Structures are given as structure tokens and as C-alpha cells.
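Report on one structure; see the data block that follows.
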Amino acid sequence: MRFLVISTLIAAVCAQDYDFTTCWSVLDSIMAGNSSRGGITNETIDQYLWTGRISGLHPNYPRENITALTYEGCRKICGRHTEKMSTRSSLEIATNWIFPLSILLNLPYESVHQKKFRITLSAVCHWVGSPQTALTHTIFNVRQTRHCHRMAKTRHGLWNDAFYVLSCVGQFDTPTEYNRQQLFHQALIFGLFRPLAKTNGGVVDHDQQYTAELLSTIAFQLRVLRRRGVIPTLASLAIFLVAFVFSLVLAFGNIDGNRTGAPLTLGLIYCWLPVLVIFSIIDRNPVSAERTATLLSRWLFNVNAVMVATREAEGMKNMPRPNWWTTQTSQPDMEAFRVGEFIGQGRRAQCSYLSDATIRVYNSRHLGRHIAEYEAFADRVVGHLNGRRPGSWFITALVSLLIVWIEIMMAFLIAFFTPTFGLGCWSGCAVLYGILSSFTWGYQLVRKCPGRKGMMVCNTVSFFAFVWLTFLTVLVLIGGFQNCFCSTVQLSYPYLGGYMMFNGFEFYMENFNMSVPWVTASIIGGLVPVIVFTTATLWWMKCQHLWATEEGEMTRSLELANFEVHSDTTWMVA
């Protein structure tokens, strides 16, 4: 973001004031017979004037009243200049369209991790370079959080704890090697659902007491580590959306002769950004992902210790004290329970389906006192994780693709239906960004696990898409698209374009069929983030009970309030 702002200021200050009004003066003088240019006189000028059809011109406006140059005529008479924007115009565009993009700073950057700069750069490249993929993973994770909310609502505190912890574990990379995967998920399922099992005639077994206390402890720690400030950030986004609506209204009367619609196109092509920010805020990351992963790993180790002690016990009441985690616990012993990197909020081309798989299995099983039931439960969860992705993921992926492509196509619509009509530099560049940014989305659609080489390819393409969008932004500020090639719309010639005109923006709005596509694109492009903002806010309000906490006692159910045994707490403070 700093690079974008600095580039904006440099481009604005360095912009020069050459414009095509100088070229029109030369052309008008040649046609009047008062001068010549490169051997072109009023007798030879006709071969450089466009005499064909003018696309989009109202039928009631006389075609002969419009003077247009061909591409070759533009090069010979106007030269190979680029019509640079004035410093004032560049700063106006930056104020209305670029600086509001500072909402990019509201994205959840990593601030505590040892490799925070590399991780942050990688996340930004993925967010901006492939917003379709980032939105797919982020929205799907929010959907899984909603499922956890539905499972936990109207239940006692331990249900809240269990499904909140489940939603948090789903934001991290988990083991994929089969043996580690089995041990990891057995401990996870036992730690989450053993405290929720019905008691044996009102008697609470020791393993249930241990796991209940461990679950309450880790849930409390995760809630404390969760980033706050959702409401102020949502409020700032609401202000951004209002400001964006104002910018859309002002765009129709404050383009000052712009013939490409580039500023409004730029605003629309970035309209997916508030959508991504909104869901990233709701799919909140912890203050320290490293600390959270460490605590989760230790919690799973201790849950496994309870399982081992339970197996060794002759009866539940004769259960030996578990071998808790200590600072002397070896790395190999921890390896099976190690929680990987934080992958939530679309930071990587990777998605976790843990909550979805766990809830689907839980809805079809009854869990009691026996460890074998939890092991079978874990086996089914692993089977779901290693199998096909849920249908809801594909629906989410399609919705995410549509959100981004609707904004891109609205930007395309503005650029295409700005005289000269046709596929020009701006409309072509918008489509190219859409294609580049969709590569990772398409790759992951057909490959569930991209693998190391696949991730490298996806990251490379996303980086190029990020650079391309930044480059386009700078070109808009310096007027880089206002040259003969772009003004004559050569990309769609000879089907459309092939000429350039010298009239002003108001003339085009009055005498060309551009009002309907412009208004349509502006309304649709502006409504998408508003609708998503409203939906996401309602989801967040319903789910917030999962992570609500106070700096006081840990949540416990009344049924498990009187513990006879207590778990070790060293793992929390070390």
C-alpha cells in the first residue's frame, strides 16, 4: 500500500500538460489550408480522416459534424505523444479513487510473527493477485463458523467452547501424513467432544473432568488472543462505501474531458476490495498466530495424555494421573500434535474443511464413554478430509468468482462504452487482470491440494497480477492510456474502433449511447459491496457469542462445575 501511495504522488507531480487539444488545433489548421504537417495538406488530409461508421452515435446527430482521425492520421499529425494528465487532475483522481483504497490497511496483517514482513508480502500478493481465491477460502471459513454457531447456540458453555475451538483449529494447517493425521484428529475429537458426552448416571468420569477443564482453558486463551476492533473497522468500511457512492455520483460530472472513463473504471475494478476486507475482519485472526498454534499443540498433547491414561486405567475411577506436557517434553513427542501455519483469511491457496467434516460426522453419531467411539469418529473425519470437497465449497467458489468478475466486467463495461467504443487498452487490461487473478482459483478448482510446485506457480501468477494492477493504477494517474494506439481502440479494429475524436465528455454523454451502460455498471458495481457488507455484518452478529469473553473465570457448565481432579496448567504459561 505504501508503494501504491508513493507511486501516486510521484506520478501526479511528474505529470506534464501535453494534451490532444494541441493536435486538434494542428488538424483544424491543416483542414482550413493555413498550414501543413509532415507533407500533409488540406488536399491530402482526407486519407487520414475516418469516414466510416461512428459506433454508438445517436441516429439524430449528423455524422458529418464529427471529425475523426484514423490511427495512422493520429500518429502523423499528433505524433507519438501520450496525453499526460495535469498535476491537478492526477491529484483529484488520487483523492477520489486511490486514497480511499487505504482500506487495504484494514486487512489482517501479521504483526507478531518472526517472519512478519515475508508473510505479510505473501498475503498481500495473494489477496490482490487472486481475490477470487482469497474470497473463496475466507467466505467458506465464515460459513463453517456459522455452522459452529448453529451447533453451539442454546447450549451450555462447554458447547460454545468446543465449537469455537473447532473453528479456530480450522484456520491452521494440520497434518496430512496419515499416521500423524490419525493421532492428531483422535486427540482433537476426544478433546472437543468427550466433555460434551452424557454423564454416567450423574457421575462425571475423571477423563471427562480433565478434558472439560482443558477445553475451557484453551477456549478462554483463544478468545483472549483473538483480535478485537471489529466494530470500528466495520464502521470505517461503511464510511468508505458512502464515500464511494459519492465518488460514483461525482464521476459523471467531474471527468474534465476524459475520453476513456479510466477513473471510474479504476474505482470499479477495485470494488471487490471492501468485500474481501469485510470477510477478513469477520474471519478474525489471532493477535499472535505462533502463540495460538503453540497453545493448540500443547492442548492436543495433554488431551492425548488423558487418552493414554484412560486406556491404562482398570476403571474410570482408578485412572492414573496423565503425563502432562512440560518444558522438557521432546520435539518428537510433540510432532504428531503440531499445529502448522495460519492459513485463514485467504492468506494461502489452501483451505481447511475441518469444521464442515467434523459437524457432518457429529450429526450422525452418538458419543459416550468409550475411546473407541472417538477413534471411529476421528477416522470418519479424516476420511471426509481426504475425500472430495463438500458441495458448499464449490458454491462458495462460484459466488466468489462472480463477486470479483462482476466488478471487473462493470469496469470493462465503462471502458468499452466510452468513445471510441470497442475493446481498448483499459477494457483489455481489465480483462487481462481478471484472467491472471483467476488462474489460482481455476487451478485449485481442479486440484484440491496444489502441492509445492503448484503453490509456486500460483504464487508467481498472483504476484504478476498484483504488479499488473499496480501498474494500471499508475498509468491512470499519469494518463498513460491517452495515446494514439489506445484512443483509436486498436485491439478491436477492424470490427470496432480504428479512429479517435476530439470532442469533450459532455458531448459524448449527450450524443452517444453511453448513459445506460455507465449508470448500469455504476449501480451494480456499487450495490455488490453494500449487499455483502450487510450480509457479513448479520453473520457476525449471530456468531459473536462464540468468541465473547471477559477477563474473568473460564466458562464451565453447571454439570461439570465440581471437579474432583484438575489438569496441569504449566502449558499455558510456558
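The table that follows gives values for the structure above.
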| read-out | value |
| --- | --- |
| Length released on extending from residue 328 to residue 548, taking residue separation times 0.36 nm less the Cα-Cα span | 75.8 nm |
| Percent RCO, i.e. relative contact order, over segment 137-224, from Cα pairs under 8 Å lying at least 6 residues apart | 32 percent |
| Sulfur and carbon atoms: percent of accessible area, segment 270-372 [1.4 Å] | 49 percent |
| Stretchable slack from residue 371 to residue 25, in nm (0.36 nm times residue separation minus alpha-carbon distance) | 115.7 nm |
| Volume of the Cα convex hull of segment 378-427, divided per residue and given in Å³ | 89 Å³ |
| Most to least packed among 410-420, 167-177, 117-127 [average Cβ atoms within 10 Å] | 410-420, 167-177, 117-127 |
| Förster radius 45 Å - calculated FRET efficiency between residue 520 and residue 224 (Cβ-Cβ, nearest 0.05) | 0.40 |
| Kirkwood hydrodynamic radius of segment 158-230, Cα pairs, Å | 13.5 Å |
| Relative packing of 157-163, 60-66, 500-506, 49-55, which averages over residues the other C-beta atoms within 10 Å, highest first | 157-163, 500-506, 49-55, 60-66 |
| Relative contact order for segment 423-561, counting Cα pairs under 8 Å that sit 6 or more residues apart, in percent | 23 percent |
| Förster radius 30 Å - calculated FRET efficiency between residue 177 and residue 566, Cβ distance, rounded to 0.05 | 0.30 |
| Rounded accessible area per residue of segment 128-187, 1.4 Å, Å² | 29 Å² |
| Net lengthening on full extension, residue 398/residue 452 (0.36 nm per residue, minus Cα-Cα) | 17.0 nm |
| Calculated SAXS-style log₁₀ I(q)/I(0) at q = 0.10, 0.15, 0.21 Å⁻¹ - segment 322-454, Debye, Cα scatterers | -0.57, -0.94, -1.27 |
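The values are calculated or read from the model by the stated rules, or taken from the named source; none is laboratory data. Computed from a predicted structure; not experimentally measured. Cβ sites come from the backbone with ideal geometry, for glycine too, and all protein chains shown count toward neighbours. SASA here: full protein model, heavy atoms, side chains in, ligands and nucleic acids out. Shrake-Rupley method; radii C 1.70, N 1.55, O 1.52, S 1.80 Å.
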